[in-house]
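Report on the structure given below.
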Amino acid sequence: MVRAAPLLLLLLISPSVHGSLDVLGLAELKGEDTEEKKDGLWLSGAQEVQDLAQLSWEYMQDLQCWLWPDKCDDKRSHTEWSWRSFGWDSLHLLTDLYAKVLESREYTRVSITNNFTGLQFDLDRRVHGQHLAVKQILTSLKRFLKEDSQKTTLALAFHGWTGTGKNLAARIIAENLYWDGQRSLCTRVFIPQLHFPHLSHVEAYKVQLRNQIQAVSLACSQPLFVFDEADKLPEALLQSLFPLISPEETQDTRSIFIFLSGVGASMINEVALNFWRAGRHREEITLDDLHRPLRAAIYQSKDQSLTHQLWTQDLIDEFVPFLPLERSHVKRCAQDAIEAQGLPYSENALESVIQELLFVPKEEKIFSAQGCKQVAQRINFMKL
C-alpha cells in the first residue's frame, strides 16, 4: 500500500503513458541523459523532487513488469524509501513541475501560425466561385493582424445561401491561423441548435457563453470565435454578446469574431442573376454592387437577426457576401470530394453527380439550390 500512493499520484497528474512508461521524461529526472534544462523547468537542485522522482520511476518500472513480465529485469533492486520521508511540500513541488511541463505542451498546441500564404492558397483552391469573399477575407485579416496594431477586435459577417462556402471559409481561416485549426484551444465554434437549443435556459446560456469566451481569451492572445447560423441565436442571448465584442472587453487580445448568416441571401442571389441575364460575368460583380442591397435586406429583416443588431450597434467591421454557385462551381466541389476519398473519376461521373442536384430559378436553372452542401452525400450514395 505504501508503494501505491506515488504511483497513483503519477497516474492522476500525467496526461499519458507511453509504451516505455517514460512519463513526462522521468528517465531524465532519474539521471539518464541528463542535460542542463533551461529556465529551471525541471527544478534542478531540488533534492526532494529528485528523490520522489526516483521513487516514482521505480514504481513505474514495477507497473511495467506487471504488464509485460517478459521485459522485466529481475535483478532490479529498489532503494529503501519510506513514505514518511516525504512531506506534502515534496508532493507540491512535483505537482508544480508537472504543471510547468503541461503548460509548455499546451502552448505548443495553441501556437498561432498566421500563415497568410497558405490562407490565400487554400481559399483560392477550395472555395469555388467566391472571388469577392476570398479577396475581402484576405484583406480584412491581413489589415487586422499585420497592419492595424491599435484595433483589438475584428468582426466579420459572412452572408449567403446555404452551401456556398461560408463554413468552409471559416474552417480554412482556422487552419491557417492556428497550428491545430478548429481543434486549437484558440478557437470556438458555436451552433445555436447545439449549444443554445432551449429558450427556457437562456439565462444559463448567457453565463456559459461569457465564461467560454473569457476562458479562451485568457488562454490565447488571438482567439477566434465562429457563430454558425447566427441569425438563429435566441434574441435574449444577443444583448449579452454585444459587450464581449466591444473593444473595451477585448483590449488584452486580438479577437476575431465570424458570424455566418443566411440573411440577405435572396438579395445577393438576385444581383447575381441580374448580372447573368445581362450577359455579364459574375467576376464583374463588385462589393459596391452588393453593399447597398445587402445592407437594406439586413435592416428590413423581420426577425431582428444578430447581424441586424450588430450592424445597428456598429460592431460589424465587414460584410462578406457569398454568391450562389453555378454548375461549374458545383462540379469542382464534386471533384474535390472524389479526390479527397482517393477515388478515380471522369467527366461522366461528375456530370452524374450534377444531374442529381436541384438548380434554380425554374426557367434558367442557373444556381444550385443547395450549393455544394449535398455533393459529398451524393457521391457516397453513388458509391453504395
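The values are calculated or read from the model by the stated rules, or taken from the named source; none is laboratory data. Model, not experiment: these values are computed from the prediction. Heads up, the Cβs are rebuilt from the backbone with ideal geometry, glycines too, and the neighbour counts pull from every protein chain shown. Keep in mind that these areas ignore ligands, DNA and RNA; they rest on the heavy atoms of the full protein, side chains included. Shrake-Rupley method; radii C 1.70, N 1.55, O 1.52, S 1.80 Å.
Pull up segment 149-173, narrow it to residues that are charged (D, E, K, R) and in a helix (DSSP H, G or I), then point me to the one that is surrounded by the fewest Cβ atoms within 10 Å (Cβ to Cβ). Filtering segment 149-173 for residues that are charged (D, E, K, R) and in a helix (DSSP H, G or I), the one surrounded by the fewest Cβ atoms within 10 Å (Cβ to Cβ) comes out as ARG171.
What's the total number of residues in segment 123-159 that are among the hydroxyl-bearing types (Ser, Thr, Tyr) and in contact with a strand residue (DSSP E or B) (Cβ under 6 Å, 6 or more places away or on another chain)?
Qualifying residue count, segment 123-159: 2.
What number of residues in segment 332-384 are over 32 Å from the mean Cα position of the chain (by Cα), aliphatic (A, V, I, L, M) and within 25 Å of ALA265 (Cβ to Cβ)? Residues flagged as over 32 Å from the mean Cα position of the chain (by Cα), aliphatic (A, V, I, L, M) and within 25 Å of ALA265 (Cβ to Cβ) within segment 332-384 amount to 2. For segment 329-348, the tally of residues that are free of Cβ contacts under 8 Å to residues at least 12 places away in the same chain and open to solvent by less than 70 Å² (accessible area, probe 1.4 Å) stands at 2.
Summed over segment 218-236, the residues that are closer than 18 Å to PHE259 by Cα and open to solvent by less than 70 Å² (accessible area, probe 1.4 Å) give a count of 13. Between PHE259, PHE242, the distinction of being open to solvent by less than 60 Å² (accessible area, probe 1.4 Å), at pLDDT below 90 and not acidic (Asp, Glu) belongs to PHE242 only. So, ASP180, is that one touching a residue at least 40 places away in the same chain (Cβ under 8 Å) and surrounded by 13 or more Cβ atoms within 10 Å (Cβ to Cβ) or not? It is true that ASP180 is touching a residue at least 40 places away in the same chain (Cβ under 8 Å) and surrounded by 13 or more Cβ atoms within 10 Å (Cβ to Cβ).
In the set LEU141, LEU194, LEU145, only one residue is open to solvent by 20 Å² or more (accessible area, probe 1.4 Å), assigned to a helix (DSSP H, G or I) and either in contact (Cβ under 8 Å) with a residue 60 or more places away in the chain or hydroxyl-bearing (Ser, Thr, Tyr) (or both); that residue is LEU145.
If you scan segment 126-138, which residues turn out to be without any contact (Cβ under 8 Å) to a residue 24 or more places away in the chain and open to solvent by 30 Å² or more (accessible area, probe 1.4 Å)? Of everything in segment 126-138, just one residue is without any contact (Cβ under 8 Å) to a residue 24 or more places away in the chain and open to solvent by 30 Å² or more (accessible area, probe 1.4 Å), namely LYS135. Checked against (1) under 21 Å from ILE137 (Cα atoms); (2) in a helix (DSSP H, G or I); (3) under 26 Å from the mean Cα position of the chain (by Cα); (4) of a type outside the set (Ser, Thr, Tyr), LEU260 meets all criteria but (2).
Going through (1) buried (at least 19 other Cβ atoms within 10 Å of the Cβ); (2) under 22 Å from GLU364 (Cα atoms) one by one, GLU283 falls short only on (1). Among the residues of segment 194-216, the one identified as modelled with pLDDT under 90 and of a type in the set (Ser, Thr, Tyr) is SER200.
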